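Undergrad: For reference, the structure I am asking about is given below.
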Amino acid sequence: MPDGKSLLALSTESGEVEFWKLPANGIGAGEQLTNDGKILRWDGVPSPDGKWVTHQDKNNQLWLLDTATKTNKRIVLDSISPSDGPSFGDVRWSADSRWLVFAQTSDNLFSRVMLYNVDTGATTPLTTDRYDNGAPAWSSDGKWIYFLSDRSLKSVVGSPWGSRQPDPYFDRTIKIYQLPLQKGLRSPFEPPDELHPEKTEEASKPADAPKPGDAGKPGEGAKSAEAAKGGEADKSKQATPKVEIDMDGIATRLQEVPVPAGNYTQIWRSPATGSYGSHATRNHRKRMRCNAWTSRIKATSRKL
């Protein structure tokens, strides 16, 4: 859990798979958070403030748990994906714990990035179902959402002629895109210009040297130490930026991130540097799509 004092765990102690909060140091009894389990549960993701836990189950349902009242609310039901694993991918909270992004399978089996508002309970698609989209990630300032999209369809086969390569073959089809959450935002990847000059690092300037007359004054060292401590305390108490999203035409504000296409599967942000990276394999994506097709064929056969 975000407080660093407790762990979120799944347990069958009650006879069903339920969420429990356990002390991180192993001392003391655990606290049961849910009591409505009917089937196997997966992937509990606590919000940054610890007030919410989103989780999913084998019935392809995405839930929102209020840790204070211990009440569960169903957010989404996925009636397309097979029930052999978590149906909703890359469930991630905004820094202010008011928004949730995740990937959900559409009717055509392509994945879409969805946005959920905790305050209103509204779910909004951020991407089209014309392409396979997923792996959403929030920017550190809460102004952008990054995601992956399978839409760079350039065959490595130059022509249909030949005895060994008559068919098209697609490699490195995944590109990284960004979605501004407010209208008029300038991409952080845009180069500086006369209207947007490069920012200088104020923090890199050396501190002013103490004056010769101040060195002998009593109490000056203690005051400066207290001021330094106060500054550090102020930094630690900085409020989490509130994420504000303009929903009007949000899906049309799509922007391509200027990096080469690749076989990416995930986007992650380094807590230390704030930089972004991505894993580069997509075998699981092909396997999931194959399983989804197999499930749909079996369901159709049973109806016939």
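Undergrad: Mind listing whichever residues of the stretch 83-127 are over 18 Å from the mean Cα position of the chain (by Cα), crowded, with 16+ Cβ neighbours inside 10 Å and of a type in the set (S, T, Y)?
TA: The one that is over 18 Å from the mean Cα position of the chain (by Cα), crowded, with 16+ Cβ neighbours inside 10 Å and of a type in the set (S, T, Y): S106.
Undergrad: Further, regarding this structure: Do we find that T54 is free of Cβ contacts under 8 Å to residues at least 24 places away in the same chain and either over 17 Å from T123 (Cα atoms) or not in a loop (DSSP other than H, G, I, E, B) (or both) in this structure?
TA: Spelling it out, it is not the case that T54 is free of Cβ contacts under 8 Å to residues at least 24 places away in the same chain and either over 17 Å from T123 (Cα atoms) or not in a loop (DSSP other than H, G, I, E, B) (or both).
Undergrad: Restricting to the stretch 36-81, count the residues that are of a type in the set (D, E) and within 30 Å of A239 (Cα to Cα).
TA: Count: 3.
Undergrad: Determine whether S163 is under 21 Å from the mean Cα position of the chain (by Cα) and assigned to a loop (DSSP other than H, G, I, E, B). Quick ask: steps written out before the conclusion?
TA: On the way: under 21 Å from the mean Cα position of the chain (by Cα): no; assigned to a loop (DSSP other than H, G, I, E, B): yes.
Considered against the rule, which asks whether it is under 21 Å from the mean Cα position of the chain (by Cα) and assigned to a loop (DSSP other than H, G, I, E, B), S163 comes out as no.
Undergrad: Also: So A209 clears everything in (1) under 23 Å from R130 (Cβ atoms); (2) of a type in the set (A, V, I, L, M, F, W, C); (3) modelled with pLDDT under 85 except one condition, right? Which one?
TA: (1)
Undergrad: Regarding V53, is this residue in contact with a Gly (Cβ under 6 Å, 6 or more places away or on another chain), among the aliphatic types (A, V, I, L, M) and not assigned by TED's automatic domain parsing to the domain that holds I245? Walk me through how you get there before you give the answer.
TA: Numbers: in contact with a Gly (Cβ under 6 Å, 6 or more places away or on another chain): yes; among the aliphatic types (A, V, I, L, M): yes; not assigned by TED's automatic domain parsing to the domain that holds I245: yes.
It is true that V53 is in contact with a Gly (Cβ under 6 Å, 6 or more places away or on another chain), among the aliphatic types (A, V, I, L, M) and not assigned by TED's automatic domain parsing to the domain that holds I245.
Undergrad: Right, another one. Looking only at the stretch 1-37, which residues are among the basic types (K, R) and part of a strand (DSSP E or B)?
TA: K21
Undergrad: Let me ask something else. Only residues in the stretch 26-41 that are of a type outside the set (G, A, S) count as the first member; pair them with residues that are not in a strand (DSSP E or B), Cβ under 6 angstrom, at least 6 apart or cross-chain, and list the lot.
TA: L33/K70; I39/K58; I39/N59; L40/V17; L40/K58; R41/V17
Undergrad: Okay, next question. Given the conditions (1) of a type outside the set (A, V, I, L, M); (2) over 21 Å from A122 (Cα atoms); (3) exposed (fewer than 14 other Cβ atoms within 10 Å of the Cβ), which single one is not true for S79?
TA: The one condition S79 does not meet is (2).
The values are calculated or read from the model by the stated rules, or taken from the named source; none is laboratory data. Treat the numbers as computed from the prediction; the structure is a model and nothing was measured. Every residue, glycine as well, gets a Cβ built from its backbone with ideal geometry; the counts of neighbours run over all protein chains shown.
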